[in-house]
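See structure below.
The values are calculated or read from the model by the stated rules, or taken from the named source; none is laboratory data. Because the structure is a prediction, the values reported are computed rather than measured. So basically every Cβ, Gly included, is an ideal-geometry build from the backbone, and we count neighbours across all protein chains shown. All accessible areas refer to the heavy atoms of the entire protein, side chains included, with ligands and DNA or RNA removed. Shrake-Rupley method; radii C 1.70, N 1.55, O 1.52, S 1.80 Å.
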Amino acid sequence: MSPEPRAAGIDRRTVLKASLLAGGGLALDALIPLPFGAAHAAAGEPAVAAELSAFVAIAPDGTVTIMSKNPEIGQGIKTSLPMIVADELDCDWSQVRIAQAEVDQARYGEQYAGGSTATTRDWMPMRQTGAAARAMLVQAAANRLKVDAAELTTGKGRIFHRATGRSLGYGEVASAAASLPPPDPSRVPLKDPAQFSIIGRPTIGVDSHRIVKGEPIFGIDTRLPGMLYAVYEVAPAYGGRLVKADVAAAQRAAGVRHVIPMTGNGDYDSGLADGVAILATNWWLANEARAKLVVEWDLSAAAGHSSSAYRARAEAMIAARPAEDLRVDGDPTRQLAAAVKRVAARYDYPFIAHAPMEPQNCAARYHDGKLEIWAPSQTPQRGLTVLEKALGIGPENIRLHLTRCGGGFGRRLMNDYMVQAAAIARAVPGVPVQLIWSREDDMRRDYYRPGGWHSFEAGIGANGELIAFADHFVTFGDGKTPARAAGYNVAMPPAGLVPHLRYSQSMMPTVVTTGALRAPGSNALAFASQSFLDEVALAAGTDLPALMLTLLGERREVPAPGNGIAFDTGRARDVIEKVLAISGWSTRSAQPGRGRGFAFYFSHRGYFAEVVEASVAGDAVQVHKVWVAGDIGSQIVNPMGAENQVRGAVIDGLAQALAGQAIEFVDGVVQQSNFDSFPLARMPLTPEIEIAWVKSAKPPTGLGEPALPPVIPALANAIFAATGTRVRSLPVRLKAA
Amino acid sequence: MGYRLEINGAVHEVDVPAEMPLLWVLRDELGLVGTKYGCGRGLCGACTVHVDGAAQRSCLLRVGSLGKAKIRTIEQIGATEIGARLQRAWLEIDVMQCGYCQAGQIMTACALLSRTSQPSDAEINAAMTGNICRCACYHRIRSAIRTAAGVEEAGHVA
Ligand code: FES
Ligand code: FES
């Protein structure tokens, strides 16, 4: 998820390579040259390193196989990218088979799920590949029928010569097409979007029919002959080192085959923490044997790393001068002092866990210096790098199979479980091993969304306009660099929209591992900033949507500092106006105990404005309805998946706020362990959700994340509207009346 | 200990400790991996199976307590009339995102429809509240149950 996707539109021209499929038919590889100086253009590769972005094969029987190279984590990419290829190819979706690619750096380049990046990156290359394959098939048919290609039309995988009433199936000319030179992809004619017949049509996920029958497709379902099941016991506290382990009793436990103390590489952040591996014939037996381990740990590294200590430190830091300014526009100090009205408030939010439904797991086999791995990972190639670093086994000696992931949310951007599984497998050469984390392991060794604290100040002018804005952010880091996913976003609205602004930051160290969680950065920053701006709007005698529309001003692009993504005020305005219209914002009525709140946010290239209606009785909050207006560009590739993603993101956000989610530490020991102490959304929490798309004329972008950030502040603002109580801390904890 | 278990109409013999939960007998002894591990403590419903027709959390069912019970898992739920209807409804509106929880959801929904052929929304909420979907496909789960029960046409998701 983090970092934000690299800028779209970098000129990387697709190159096509055609070949004859084994057994006849056309195989078309689409290669995209890697950008100059790409880190992984290793020595020994061709002069122009290229990644295969798509692979299409048309067999003599007309079957079209499209390879899906990216990990599937529930975001629907295994369905939506092939839909783009198939539409331009002009075949029938029922002819299409999807194959999941193995991990192969040299061949496929980046294979990645995160940052809502895939649609942005691959939209054009996928279309060009499909269109090029179609053009080759048409040319082959023209040769066969001895007519001009321009006289031919296509549809549902057939080529028609209307004048003579003749037609050919794609399969019939596929082998002949393989010997034709592929066209220049940048010149190949593309469909008019009005003619799309697969893109934009609700389409069932390609694995769905297997899922409803319980077929084995997830990482945890991997079964290898002679496989042993493993658990990996680590220190109770972060950074704990193994002093000594008495494994005799565990060794004698039922079903146990091996008990192996493991020394980490000292870099517990990349995953090879010290620990003890237990291998048994059944995972439950391995897990039961943990209780028989007698281990002495050195937990001194985590002493003092407690939530209460973090909070006290943050309160002291936030009252002091910021350690550094991140962005200063105009003269915020003077303008805040001169303001007619000043508003100030502090906000904070806790660490939270990803808790994907499928716990971390990985199967591995080590034999003759070679590793074979089956992993549910969002970043398999990063996994290869980490494996080399931790175990000294290079990518040339690793074969990595991607499995479907039972949810990601950013957790599987990290590959700690893969390193552990590989280390265990290496300790028992020839024996396939499946490491499975218990839910408790998963909850206690996450790369959490880090907690944070904000001290905001705003200055309002004589006409109720926002003239100055400041935020002092207290986060985690080593004093120079924030911890992973603990950084600030200096482009966060209202930056660029108010003349005088200061964003500043102070940091404290942590031993806890942090990382990206769905809409990283934005998920927390949206809550703090949009809730505070609601306070500002009310103090200025207006409401938040009106304040936002005033701030946005004319339609224009506000450039982001560095090479960040420019912010289009027109697109923001359109989604805000849309959500106000569909929710009937201007005619909303105030009722005691029931209110509506609004928020807007821009993240991962998506523009979302949301309205929440909630009622409050005592300390209980009920969400009745959520209205969502979003702009992710000109096309929703698969509306079936898109709607599901938006609903999921909205409910995810509501659960972060309302279910009581917070991860807490005492001397580096995580206090939560399972779904009772870290609750997730359940069906009764689910409100009605109404979604409206604003289709701007921009290239389509991803949807895994941007619908989440606005819902939390919209909820907090609704609670204020209902009760007059301002939620300045997550999770929401209201006092019982 | 040796146990004879009737699962999906076939008898399986396993040699495991009496305390081993049925979940791990299914997954690691018999290779029936459709039944999923989510929490191991009865909190998520991912491991739901039918024991004599009733939805049960297999992570809490000790194999020694099963006796002659008839067990059915997701792999064979399509052989029941209600199970097949639910699978069809699940596909018609493509309920799932990651899909990991869905076996448990379908098993719980199937037990609900066997008891209450036309459940109200409140009854659906009550029956399904023990099944977590981290991807939060709850609207579609509810809608698919309604569709399978014949109280709603496919495609409507509120
Ligand atoms: S695994 Fe049995 S209820 Fe969660
Ligand atoms: S579909 Fe992912 S947990 Fe339910």
Given Cα positions, please report Rg to Rh for the protein assembly as shown, the hydrodynamic radius being the Kirkwood one.
0.97
Residue farthest toward the positive end of the dipole of segment A:529-574, with Cβ of Lys/Arg at +1 and Asp/Glu at -1: which of A:Leu552, A:Ser531, A:Phe567?
A:Phe567
Over chain B, what is the percentage of antiparallel beta bridges among all DSSP beta bridges, to the nearest 5?
85
Which pairs in the list A:Lys244/A:Lys480; A:Lys213/A:Lys625; A:Lys191/A:Lys578; A:Lys17/A:Lys370; A:Lys78/A:Lys191; A:Lys17/A:Lys146 are over 27 Å apart, alpha-carbon to alpha-carbon?
A:Lys244/A:Lys480; A:Lys213/A:Lys625; A:Lys191/A:Lys578; A:Lys17/A:Lys370
Accessible area expressed per residue, segment B:2-76, with surrounding protein chains retained (probe 1.4 Å, Å²)
38
Computed FRET efficiency, Cβ-Cβ of B:Lys70 and A:Asp619, R0 60 Å: what is it to the nearest 0.05?
0.85
Using the Cα centre of segment B:78-157 as the reference point, and only Cβ charges (+1 on K/R, -1 on D/E), how large is the resulting charge dipole? Debye, rounded to the nearest 20.
180
Which of B:Asn131, A:Tyr232, A:Asn717, positive extreme of dipole for the protein assembly as shown (C-beta unit charges)
B:Asn131
Counted charge near A:Val64, where neighbours are those whose Cβ lies closer than 13 Å (Asp, Glu -1; Lys, Arg +1):
-1
Hull volume per residue for segment A:452-558, using the convex hull of the C-alpha atoms, in Å³ is 108
Taking only protein heavy atoms and a 1.4 Å probe, what accessible area per residue, in Å², does segment A:133-218 have with all protein chains in place?
49
FRET efficiency (A:Leu190, A:Ser308; Cβ distance; R0 56 Å; to 0.05) is 0.40
Work through the residues other than B:Ala148 whose Cβ is under 10 Å from its Cβ and net out their charges, Lys, Arg +1 and Asp, Glu -1.
+1
What percent does the relative contact order of segment A:123-198 come to when contacts are Cα pairs within less than 8 Å and at least six residues apart?
37
Once both label points are put 7 Å beyond Cα along the C-beta direction, the A:Lys389-A:Lys17 separation in nm becomes 3.0
What is the dipole size for chain A, taken about its Cα centre, with +1 at each Lys and Arg Cβ and -1 at each Asp and Glu Cβ, in debye to the nearest 20?
680
Summed buried accessible surface, chains B and A, 1.4 Å probe, nearest 100 Å²:
4700
Using all alpha carbons of segment A:492-639, what is the percent of pairwise distances in each 10 Å bin, ordered from the shortest bin to the longest?
9, 35, 34, 18, 3, 0
Average projected area of the Cα convex hull of segment B:78-157, in nm²?
4.5
Measuring from its Cα centre, segment B:1-96 shows a charge dipole (+1 at each Lys and Arg Cβ, -1 at each Asp and Glu Cβ) which, in debye to the nearest 20, is 240
Residue-count net charge about A:Val616 - beta-carbon cut-off 14 Å; Lys, Arg +1, Asp, Glu -1:
+3
Accessible area of chain B with a 1.4 Å probe: how many percent of it is carbon plus sulfur?
47
Using only the Cα atoms of segment B:1-116, construct the convex hull and provide its projected area averaged over every direction, in square nanometres to one decimal.
7.0
Geometric extent, Cα atoms of segment A:578-737 - Rg, Dmax (angstrom)
16.5, 52
